[in-house]
Amino acid sequence: MTDLIDDPNMSGISAEPLRRAIGERYLTYALSTIMHRALPDARDGLKPVHRRILYAMRELKLNASGGFRKSAKISGDVMGNYHPHGDAAIYDAMARLAQDFNVRYPLVDGQGNFGNIDGDNPAASRYTEARMTAVAEALLEGLNENAVDFRDNYDGTLTEPVVLPASFPNLLANGSSGIAVGMATNIPPHNIAELCDACLHLIKTPEARDDTLLNFIPGPDFPTGGVIVESTEAIASAYRTGRGSFRLRCQWSVEDLGRGQWQIVVTEIPYQVQKSKLIEKIAEVIQLKKIPILGDVRDESADDIRLILEPRSKNVDPEVLMGMLFRNSDLEVRFSLNMNVLIDGLTPKVCSLKEVLKAFLDHRREVLLRRSQHRIDKIDHRLEVLEGFLVAFLNLDRVIDIIRYDDDPKAALIAEDWSLSHPRAMNEGDYVGPDITQEGELSELQAEAILNMRLRSLRRLEELELIRERDALMLERADLQDLLDHTDLQWDKISEQLRATKKTFGKDYEGGARRTIFTEAGEIEEVPLEAMIDREPITVVCSQMGWIRAMTGHIDLARELKFKDGDGPRFIFHAETTDRLLVFASNGRFYTLSAVNLPGGRGMGEPLRLMVDLPNEADIIDILIHKPGRKLLVASSAGDGFIVPEDDVLAQTRSGKQVLNVRADVRAKTCSPIQGDHVAVVGENRKMLVFALSELPEMGRGKGVRLQKYKDGGMSDVATFAMAAGLSWLDPAGRTRTETELAEWTSKRASAGKMAPRGFPRDNKFTS
């Protein structure tokens, strides 16, 4: 089978490899996605959909001081004229431009429900209204002065701007995010005043380094405020390379309630964090007792943010509490920086801070040159008209005669030699027309302007006004020509415009002051769980069916307890609320539980399998209280085992930690703390073997080594003991028997052993 597209019946169509055909089409699609959907333009910081929304609103004359229009009308015009995609997507994009918690400087002034920081969606477009903001108008300023190129819309019936003039670096001011085929972008918002200062410095010192620009732009300025705790070196590296991240925390304070009571008030939450989901996460943390010192959370927000965090005890350190919340909730987030943008609207590139600002300044220079040239063309047009008017005033009688008596006054005005004097014609017979074959002084434009002149403009005063206008225009034209001829004057003009923008949208503008502050991230001590929990005695009870509970206090272990029908006691021991419990299962995995999180003892408890991910086919072998530094001996039913440090078996997740590897029919059999210097192992064949503990390896995970050799059956039990004290067990009568003469059973590891001593328990267990 060939991969060529070649059908003899398809005349006029050439063959090409299928792989190449598909590849080219995929690349075309990828490039289209990158350029027209995902990546913003470095010049105006907008994607096509946002640019088209603003342009359509301008065409609808929805300026900042005008009235509102239905959002459905706006999105409909955008879709019908410029952006042939779903109106829902257009409305969502427009709604985001109106959300002051998402956009640092909103470009759309929304009236109605445009969503909120809780994550609620905007109302339907038929219920909301919108218009542009002053910031959006600043992006569009000069659009009717040939500042940028225009292109045909999707159906060729209209034109749309390729890019907006943009009087400020909107890419950095409002940020941008998007994902494309093989690339993405994520740019945080910044402060306009700081951006203008950086641009002014870059104009003054074009060779300035990225690190120098940090003196003017210390970091992002998020709409929701917050506190940046990233180091200066990390911020500098991110801006220098165009890739990095910023640690952002909430803004919080301690509110004194009197009598030693206090609470934490959160007034600003990190950027792009939904308040409702944040509260849900904190509530989940409280429920799961991940932060035992946190008592409650509630939302008292109105138009502002006010989250209340109540400590469980007034003796808690607020810094410690917030440090734990930073680690376990979205009160601290990491915002990534990936300045992947389109340079000149064509080339995707990961840019540094300096490169982005330089792209904007180059764009502003081009806009300035185009607007200046456009103004010169307008002045030249007006000067030409004024020169015609002045000729008409100097030869008013002759102009009146031509208009009154000539059959083609326009052609006559163009052909007239105004240096000649003509007597006033009293009638049509006295009128002598010009030689229309000759070329006169006036252009067609001037002749047309004279013919359209109003009679009231023939006053003497009007002539003087025309002379003054001509002189002013000639002076303005000279200044503009100097601007076009001298680069220094161009940058001076751009600097003047940036200062005006800074004054307009700086600290005096509503919301123009910096919102996000900077601070050093202090070292938060890792507080052990025990320090956060009130130390209280409990009795842990686990039934045969795996239902576990914690009884308050140290009760009598022989006390009769209630269990479900068909169930009974299996593990019962004294512990404390600060303890961590190790659960060893027959699958060779260790699971970790906090004693404080165990269900209370009023009921029957809860199944342990619901608290950890313990498979149904796995049985509970043992439950131990974790003691740091202790070592355990784990062994399987096949007689393989090893020593493992207890600190290494602590699990951080519900799925536990695999320690003893078992497979097929082999199952984990025992787990016992190391006590002494020797190991005693007994098989199902009642043969016992004693060997030195030093013969066992210490491992973190594995199958282990053979403890005892079996011809039939497997291992029954294993214990460690001190040889000097002897090996003890309970005899059938319940008395403790100790055997000190163990030379008969002592041998090398992996030996078969000999029959157990007389009086050894019939269940082949060292303890019962």
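No value in this document is a laboratory result; all are computed from the given coordinates. Here the structure is a predicted model, which means the values were calculated and not measured. Virtual Cβ from ideal backbone geometry, glycine too; neighbours counted across all protein chains shown.
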Exercise. Computed over the Cα atoms of the range 363-499, what is the ratio Rg over Rh, Rh following Kirkwood?
Worked result: 1.15
Exercise. Roughly what % of Cα-Cα distances in the range 273-417 sit above 19 Å, to the whole percent?
Worked result: 74 percent
Exercise. Roughly what would the spin-label model give for Asp296 and Asp120, points 7 Å off Cα along C-beta, in nm?
Worked result: 2.4 nm
Exercise. For the range 627-768, what is the charge dipole size about the Cα centre, in debye to the nearest 20, if Lys and Arg each add +1 at the Cβ and Asp and Glu each add -1 at the Cβ?
Worked result: 340 debye
Exercise. Net charge near Met94, counting Lys/Arg +1 and Asp/Glu -1 over other residues with Cβ under 13 Å of its Cβ?
Worked result: +3
Exercise. In square nanometres, what is the average projected area of the Cα convex hull of the chain?
Worked result: 59.1 nm²
Seminar exercise, completed: If one compares the long axis through the Cα atoms of helix 232-241 with the longest principal axis of the Cα atoms of the chain, the angle in degrees, nearest 10, works out at 60 degrees
Exercise. Once label points are set 7 Å from the Cα along Cα→Cβ at both Leu158 and Ile467, what is their separation, rounded to one decimal in nm?
Worked result: 4.9 nm
Seminar exercise, completed: Computed over the range 363-499, the relative contact order (Cα-Cα under 8 Å, seq sep at least six) in percent reads 35 percent
For this session: State, as an integer percentage, the relative contact order of the chain based on alpha-carbon contacts under 8 Å between residues 6 or more apart.
Result: 8 percent
Exercise. Using a basic spin-label model with each label point 7 Å from the Cα along Cα→Cβ, how many nm lie between Arg454 and Asp303?
Worked result: 4.8 nm
Problem set entry | Nearest-ten-degree value, helix 48-59 long axis tilted from longest Cα axis of the chain | 40 degrees
Exercise. Taking Cα atoms, how many degrees apart are the long axis of helix 71-81 and the longest axis of the chain, rounded to 10 and kept between 0 and 90?
Worked result: 70 degrees
For this session: Output the direction-averaged projected area (hull surface divided by four) of the convex hull of the alpha-carbon atoms of the range 141-201, in nm².
Result: 6.3 nm²
Seminar exercise, completed: Quick calc, Val350 & Leu394: beta-carbon distance into FRET formula, R0 41 Å, rounding 0.05, result 0.05
For this session: Provide the three semi-axes, in whole Å and in decreasing order, of the ellipsoid equivalent to the range 658-768 as defined by the square roots of 5 times the Cα gyration tensor eigenvalues.
Result: 22, 16, 14
Seminar exercise, completed: Nearest-0.05 FRET efficiency for Asp731 and Leu610 at R0 = 45 Å, using Cβ-Cβ distance, is 0.70
Problem set entry | Separation between Cα centres of the range 163-198 and the range 352-416, rounded to whole Å | 38 Å
Seminar exercise, completed: Charge dipole of the chain built from unit charges on the beta carbon (Lys, Arg +1; Asp, Glu -1), centred at mean Cα; most positive-end Cα among Ile308, Pro697, Val659 is Pro697
For this session: Could you work out the relative contact order of the range 627-768, using alpha carbon pairs under 8 angstrom and six or more residues apart, expressed as a whole percent?
Result: 27 percent
Exercise. Shape call for the range 251-330 from the C-alpha gyration tensor, a ≥ b ≥ c root eigenvalues: rounded (a/c under 1.5), prolate (a/b greater than b/c) or oblate?
Worked result: oblate
Exercise. Between Asp488 and Ile376, what FRET efficiency follows from the Cβ-Cβ distance if R0 is 22 Å, with the result rounded to 0.05?
Worked result: 0.70
Exercise. Can you give the extra length, in nm with one decimal, that the chain gains between Ala234 and Ile403 once fully stretched, where that is 0.36 nm per residue apart less the Cα-Cα distance?
Worked result: 53.0 nm
For this session: Using packing as a proxy for protection, rank 537-547, 503-513 so that the peptide with the highest average count of other Cβ atoms within 10 Å comes first.
Result: 537-547, 503-513
For this session: Multiply the residue separation of Lys754 and Phe573 by 0.36 nm, subtract the distance between their alpha-carbon atoms, and state the gained length in nm to one decimal.
Result: 61.7 nm
Problem set entry | Dipole of the chain, positive end: most advanced residue of Val596, Ser253, Tyr55 [Cβ charges, Cα centre] | Val596
Exercise. In 5 Å bins starting at 0, how do the alpha-carbon pair distances of the range 534-598 split up by percent?
Worked result: 4, 17, 27, 24, 18, 9, 2, 0
Exercise. Using θ = phi - 60° and the Karplus form 6.51 cos²θ - 1.76 cosθ + 1.60, what ³J(HN,Hα) does each residue of the range 440-453 get, whole Hz, x for Gly and Pro?
Worked result: x, 8, 8, 8, 4, 4, 5, 4, 5, 5, 5, 5, 8, 5
For this session: Run the dipole for the range 251-330 about the Cα centre, Lys and Arg Cβ at +1, Asp and Glu Cβ at -1, nothing else charged, and hand back the magnitude in debye, nearest 20.
Result: 380 debye
Seminar exercise, completed: Here the net charge surrounding Leu557, from other residues whose Cβ is less than 15 Å away from its Cβ (Lys, Arg +1; Asp, Glu -1), is +1
Exercise. Per residue and in Å³, how big is the convex hull formed by the alpha-carbon atoms of the range 46-165?
Worked result: 94 Å³
Exercise. Amide H to amide H under 5 Å from Asp296: which residues, 5+ apart in sequence or cross-chain, H placed 1.01 Å off N in plane?
Worked result: Glu310
Problem set entry | Distance violations [Cα-Cα > 29 Å] among Lys47/Lys73; Lys73/Lys503; Lys669/Lys748; Lys314/Lys564 | Lys73/Lys503; Lys314/Lys564
For this session: Taking H placed 1.01 Å from N in the peptide plane, check which residues at least 5 places from Gly601 or on another chain put their amide H under 5 Å from its amide H.
Result: Ala550, Thr552
For this session: With +1 on each Lys and Arg Cβ and -1 on each Asp and Glu Cβ, and nothing else charged, work out how big the dipole of the chain is about its Cα centre, in Debye to the nearest 20.
Result: 5040 debye
Problem set entry | Residue-averaged 222 nm ellipticity for the chain, from DSSP H runs of 4+ at -39500 (n - 2.57), nearest 500 | -9500 deg cm²/dmol
